[in-house]
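Q: One structure coming up, written as structure tokens, with questions to follow.
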Amino acid sequence: SARPVRRASTCPRDREWHDMLTELTHCYDGVQNCGAFAAKLKAKTGWQGSGGTDDYGFTVFSSGRREVVGNTARFVDMGEYAAFWSAQNGTNETIWLWVLGRMGDNMIRELAPSKFNGYSVRCIDGD
């Protein structure tokens, strides 16, 4: 019997996040200069206050994050915040996140404060 073929998917690297957002928004000045497009990425529900319009079908839910302090982990900012890991190359210790907040109109790129915290993962089709 034939084995099913598994499709490859991957977590986008930092540059791939930038390229994907540029393609979605058609803003070629760098996503940090693109103005208010975060609402178009956000799900219509699941955000405190009001949701987004999800114009691009990206459907970002406000998942919050897992925060580690000492030996304790807790979940925070659910309903207010979503951040996505970007994949890294080699032994690079710099971890970039792509972040949306409840009150902001942009998706921003920021350094992860700790590699022990937990953030969302968004995989893309490898084909």
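The values are calculated or read from the model by the stated rules, or taken from the named source; none is laboratory data. Quick caveat, the model's predicted, so the values are computed rather than measured. A quick note on method: Cβ atoms are made from the backbone with ideal geometry, for glycine too, and the neighbour counts reach across all protein chains shown. SASA here: full protein model, heavy atoms, side chains in, ligands and nucleic acids out. Shrake-Rupley method; radii C 1.70, N 1.55, O 1.52, S 1.80 Å.
Q: Could you tell me whether Asp105 is out of contact with any Pro (no Cβ under 6 Å at 6 or more places or on another chain), at negative phi and acidic (Asp, Glu)?
A: Taking the combined requirement at face value, the residue satisfies it.
Q: I'm trying to understand the selection: among the residues of the range 56-74, which are part of a loop (DSSP other than H, G, I, E, B) and hydroxyl-bearing (Ser, Thr, Tyr)?
A: Tyr56, Thr59, Ser62, Ser63
Q: If I go through the range 75-124 residue by residue, how many of them are hydrophobic (A, V, I, L, M, F, W, C), outside any strand (DSSP E or B) and over 18 Å from Gly46 (Cβ atoms)?
A: Adding up the residues that qualify gives 4.
Q: Pick out the one residue from Asp29, Asp77, Asp19, Asp54 that is closer than 12 Å to Leu100 by Cα and either open to solvent by 30 Å² or more (accessible area, probe 1.4 Å) or touching an Asp or Glu at 6+ places or on another chain (Cβ under 9 Å) (or both).
A: Checking each option against the conditions leaves just Asp77.
Q: Which of the residues that make up the range 40-51 are crowded, with 19+ Cβ neighbours inside 10 Å and outside any loop (DSSP other than H, G, I, E, B)?
A: Across the range 40-51, the qualifying residues are Leu41, Lys42.
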